[in-house]
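A short write-up of the structure that comes next.
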Amino acid sequence: MSDPSVYRLNSKEVARATEEWLAKRGVTKGQIGQLVMLLQKDYFPELTLDECIVNVESVLSKREVQNAILTGIQLDMLAEEGKLLPPLQNMIFNDEGLYGCDEVLALSIVNVYGSIGFTNFGYIDKFKPGVLKKLNERNGKDVHTFLDDIVGAIAAAASSRIAHRKQAEREAMEEALSGGDSGPDTP
Ligand SMILES: [Mg+2]
């Protein structure tokens, strides 16, 4: 592959690898869906877990999200294997609080559905519910420095998607009830 002109990106391969690596690292769509449920159930009491998972799948279908997941998981794994250069090796292995690049990478996922994802991401990062608690348990062997932020970011992005779509549904309903385009402001 020394000639760059022969490189061809295989999008399906990227999507498949993302799904496979998330599973290998112990994270399921259902677990991320539960985080979404936690973030959104107060705003949309009728929301189901299946609906949350559908929104998680939609986030996972985005290439920029897949890229962030693969990059983060790879760095976690290299840290587990002790293959990073010092001092980065120790910073990622020990989830150094002042490192911060794990959160920055995760923000590229949060951004996919607009800025309201930031609030959800901040909340989930602070309280670390569900699968995030498990990912943050340290056993001196497994490293999830990047993956915990990535999973939180996927849940935050899926929550934003739900919020945007529910708002659009509500507006469409209100418009239909008020007689379509012939609302009071229409001349
Ligand atoms: Mg982290």
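Considered as a group, the residues in the range 110-142 that are in contact with a Lys or Arg (Cβ under 8 Å, 6 or more places away or on another chain) and away from the ligand (no atom under 13 Å from the Cβ) include one that is farthest from Thr71 (Cα to Cα), and that residue is Tyr113.
Answer with yes or no whether His164 is buried (at least 19 other Cβ atoms within 10 Å of the Cβ) and under 21 Å from Leu35 (Cβ atoms).
Values: buried (at least 19 other Cβ atoms within 10 Å of the Cβ): no; under 21 Å from Leu35 (Cβ atoms): yes.
For His164, the condition - buried (at least 19 other Cβ atoms within 10 Å of the Cβ) and under 21 Å from Leu35 (Cβ atoms) - is not met.
For Thr119, state whether it is β-branched (Val, Ile, Thr), within 21 Å of Lys41 (Cβ to Cβ) and within 17 Å of the chain's Cα centre (by Cα). Yes: the conditions hold for Thr119. The criterion of being under 22 Å from the mean Cα position of the chain (by Cα) and either modelled with pLDDT under 90 or on the phi > 0 side of the Ramachandran plot (or both) does not hold for Lys166.
Every residue in the range 95-115 that is surrounded by fewer than 14 Cβ atoms within 10 Å (Cβ to Cβ) and not in a helix (DSSP H, G or I), please. Before you say what the answer is, go through the steps one by one.
So in the range 95-115, the residues surrounded by fewer than 14 Cβ atoms within 10 Å (Cβ to Cβ) come out as 97-98, 100, 104, 114-115.
Scanning the range 95-115 gives Gly97, Leu98, Gly100, Gly114, Ser115.
For first residues located in the range 86-108 and within 14 Å of Gln74 (Cβ to Cβ), partners that are within 12 Å of the ligand (Cβ to nearest atom) and at pLDDT 95 or above and lie 6+ apart or on another chain with Cβ distances below 6 Å form the pairs Ile92/Ala79; Ile92/Thr145; Asp102/Thr145; Asp102/Phe146; Asp102/Asp149; Leu105/Gly72.
Inspect the range 76-91 for any residue being within 13 Å of the ligand (Cβ to nearest atom), in a helix (DSSP H, G or I) and in contact with a His (Cβ under 9 Å, 6 or more places away or on another chain) and give the result as yes or no. Checking the range 76-91: at least one residue is within 13 Å of the ligand (Cβ to nearest atom), in a helix (DSSP H, G or I) and in contact with a His (Cβ under 9 Å, 6 or more places away or on another chain).
The residue that is surrounded by the most Cβ atoms within 10 Å (Cβ to Cβ), among those in the range 40-75 that are without any contact (Cβ under 8 Å) to a residue 12 or more places away in the chain, assigned to a loop (DSSP other than H, G, I, E, B) and not polar (S, T, N, Q), is Lys41.
Here are Asp95, Asp149: which of them is within 14 Å of the ligand (Cβ to nearest atom) and out of contact with any Gly (no Cβ under 9 Å at 6 or more places or on another chain)? I'd like the intermediate steps shown before the answer.
Details: Asp149 fails: out of contact with any Gly (no Cβ under 9 Å at 6 or more places or on another chain).
Residue meeting the stated conditions: Asp95.
The values are calculated or read from the model by the stated rules, or taken from the named source; none is laboratory data. Values in this document were obtained by computation on a predicted structure and should not be read as measured data. All Cβ positions, even for glycine, are placed from backbone atoms using ideal geometry, and neighbour counts span all protein chains on display.
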